[in-house]
2 protein chains.
Amino acid sequence: MQIWFRHNWIVREQWYDWCEELSEEELLRQRTGGVGGILHTLFHVADVEWSWIRALQGKPDFQESFDGYRSLEKVKRLDRDFRPEVEQFVAAWNDGMEARVLREIRPDGSAAVFVWGEIMRHTIAHQIHHLGQLSIWAREIGKKPVSANVFGKGLIQPGDA
Amino acid sequence: MQIWFRHNWIVREQWYDWCEELSEEELLRQRTGGVGGILHTLFHVADVEWSWIRALQGKPDFQESFDGYRSLEKVKRLDRDFRPEVEQFVAAWNDGMEARVLREIRPDGSAAVFVWGEIMRHTIAHQIHHLGQLSIWAREIGKKPVSANVFGKGLIQPGDA
């Protein structure tokens, strides 16, 4: 699980760097699909990651909308603020937590049951899914997207072979 | 690792079902980004998954292009043909394989070193990335994409809590 999160954080930083080359207009432009824009996607990824980790800890969720974070610097700062808590939780993850249950009450009063191991994987896949969307928008504006390769990032030390 | 592959296979089948609603023209239409089309993406996902699993086993790669598979039925059949070998390899995966090394010679004669655990995660992330791209194209043609949620698929049996 730790390997996946490290991967995702590396790639997210690469997308932040990629965004530096874009005008604020391009970052904020309304686009079709996903959450509707490049910077909004990065906000959403950081927000959802942190919100699920909060939920697994039984802590209250982040309730602000993207409206207050419509600049690259603000999104990066928010992500930096969220990160230590996520890192701490991920570092402490172990197999014994996989099947734990999270119960939530939906707005309509019904109960939702989530399994911790599924939520962690959802958080990971959620970022990869949304950054895949960014890669389409990148090409639409004529720019090369950040690589989606998992290898080449030094995530696992090679053994002797 | 097994949980991730099971997730990916479920989602891929859902995208195949989703494709049934589309005309051949939409499935084959050239689009911006990724590998350039909806059906080509699904072909690419199945091809890359199988090719990496072959490489880890030291077996020769699949060398055919999408040109021979330009119908939903042909791509689904190819995927069905590939699947048993991938399933068998994934089922036998264990932590002791994480740091194993795969050496490949690039066309220019230089050596590339890959770590098995990174390749497995790359194969998983590769699908999620490309299906994220499909979700944009789905909206562009006015259709709801397949859900990218990891939870709700019965991947992990909830424990007592």
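The values are calculated or read from the model by the stated rules, or taken from the named source; none is laboratory data. This structure is a prediction, so every number in the text was calculated from the model and none was measured. Ideal geometry is used to build each Cβ from the backbone, glycine not excepted, and the neighbour counts take in all protein chains shown. These area figures cover heavy atoms from the full protein model, side chains too; ligands, DNA and RNA do not enter into them. Shrake-Rupley method; radii C 1.70, N 1.55, O 1.52, S 1.80 Å.
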Which of A:E24, A:E64, A:E49 ends up with the largest GNM mean-square fluctuation for chain A, with Cα atoms connected below 10 Å?
A:E64
Put a point 7 Å out from Cα along the line to Cβ at A:W18; what are the distances to that point in the other copies, in nm, shortest first?
2.0
Karplus-derived 3J(HN,Hα), 6.51/-1.76/1.60, for each residue of region A:70-80, Hz, glycine and proline x:
7, 8, 4, 4, 5, 5, 4, 5, 4, 4, 4
Expected max-MSF residue from B:G34, B:G58, B:G142 in the GNM of chain B (alpha carbon, under 10 Å) is B:G142
Using a 7 Å Cα-to-Cβ projection, A:K143 label spacings across copies, nm, ascending:
3.0
Each residue of region B:85-102 in order: what ³J(HN,Hα) in whole Hz does its phi give by Karplus 6.51 cos²θ - 1.76 cosθ + 1.60, θ = phi - 60°, with x for Gly and Pro?
5, 5, 4, 5, 5, 5, 4, 8, 5, 8, 4, x, 8, 3, 9, 4, 10, 10
Ignoring ligands, DNA and RNA, how do B:D61, B:D79 rank by accessible area with a 1.4 Å probe, largest first?
B:D61, B:D79
May I ask for the distance between the Cα centers of region B:1-47 and region B:128-161, given as a whole number of Å?
12 Å
Tally Lys/Arg at +1 and Asp/Glu at -1 over every other residue whose Cβ is under 9 Å from the Cβ of B:W116; what's the total?
-1
Quick one: which residues, 5+ away or cross-chain, put their amide H under 5 Å from the amide H of B:V115? H built at 1.01 Å from N.
B:L102
Take every residue in peptide A:144-150, count the Cβ atoms of other chains within 10 Å of its Cβ, and give the average of those counts.
4
Net charge of Cβ neighbours under 9 Å - reference B:I141; Lys, Arg +1; Asp, Glu -1:
+1
How big is the gap, in Å, between the Cα center of region B:68-127 and the Cα center of region A:73-123?
29 Å
at B:P60 the sorted inter-copy label distances (label 7 Å from Cα on Cβ side), in nanometres, are 6.5
Across the residues of B:27-35, average count of Cβ atoms on other protein chains within 10 Å?
3
Could you provide, to the nearest whole Å², the per residue accessible area of the protein assembly as shown with probe 1.4 Å?
47 Å²
State the volume of the convex hull built on the alpha-carbon positions of the protein assembly as shown, expressed per residue in Å³ and rounded to an integer.
157 Å³
Just to confirm a number: summing +1 for Lys and Arg and -1 for Asp and Glu over residues other than A:T32 whose beta-carbon lies under 9 angstrom from that of A:T32, what do you get?
+1
Taking chain B as a Gaussian network, Cα atoms linked when under 10 Å apart, which of B:F114, B:F89, B:F151 shows the biggest mean-square fluctuation?
B:F151
In Å², nearest 100, what accessible area do chains B and A bury in total when the solvent probe is 1.4 Å?
3600 Å²
Take the alpha carbon gyration tensor of chain B, find the square roots of its eigenvalues, order them as a ≥ b ≥ c, and report rounded if a/c is under 1.5; if not, report prolate when a/b exceeds b/c, else oblate.
oblate
For the protein assembly as shown, which whole-number percentage of the solvent-accessible area (1.4 Å probe, protein heavy atoms only) is attributable to carbon and sulfur atoms?
47 percent
Protection proxy ranking of A:130-139, A:9-18 - average other beta-carbon atoms within 10 Å, highest first
A:130-139, A:9-18
